[in-house]
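The values are calculated or read from the model by the stated rules, or taken from the named source; none is laboratory data. Since we're looking at a predicted model, the values are computed, not measured. No Cβ is skipped: glycine too gets one built from the backbone with ideal geometry, and neighbour counts run over all protein chains shown.
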Amino acid sequence: MHTYKYFLFLVIFFFLPNLPAEASEEEELSIIGSVWQLDRNSSSSKFSGHGQVLYFFSSDAYQTYNARKFSHWDTFSAVDSRDLVRLKKHQKIKLQNSKFNEAIYEVTLLDGFYAGKTYFLIADELKNFTQEKNDEEAV
């Protein structure tokens with residue numbers, strides 16, 4: 001009987017912590033392929049100027065994400081402005097993939113000068129967008 005309690009404890013200890021991760025994976029998979037429209041005309045950074053920033057390279061987006069999250073501005077590598085695109089209000093993107101543990105999204109621009117091109121968005125900045133209800137019309 002005593003061994004049964006240890007076995008039950010081990011099962012609970014090893015399998016229950018994984019339940020939230022599985023729910024997160026399902027949620028992340030459900031937004032891949034969805035269309036989002038920019039609601040606010042600025043990035044979360046107060047120094048960035050006008051428009052939501054998208055990055056040409058996923059590594060640039062990830063370096064910026066890490067610098068913001070951990071305040072590692074001393075090791076931050078500046079991003080060339082030619083490798084950035086600024087979205088304006090009401091422009092749409094389609095989420096294609098996630099990278100770096102869902103910290104960065106690979107997106108395709110659906111309108112504007114760079115429509116059809118792939119860029120990268122810091123996942124925290126998705127809060128500046130609203131998900132479109134009817135994805136079939138936007139694609």
Checking residue 105 against (1) hydroxyl-bearing (Ser, Thr, Tyr); (2) out of contact with any Leu (no Cβ under 6 Å at 6 or more places or on another chain); (3) modelled with pLDDT of 90 or more, which test does it fail?
(2)
For segment 58-104, give me each residue that is touching a residue at least 40 places away in the same chain (Cβ under 8 Å) and at positive phi.
90, 100, 102
Just give me the residues in segment 99-119 being surrounded by fewer than 17 Cβ atoms within 10 Å (Cβ to Cβ) and either under 18 Å from the mean Cα position of the chain (by Cα) or of a type in the set (Lys, Arg) (or both), in sequence order.
99, 100, 101, 102, 103, 117, 118
Which residue, of 76, 113, is at pLDDT below 90, over 24 Å from residue 30 (Cβ atoms) and not in a helix (DSSP H, G or I)?
76
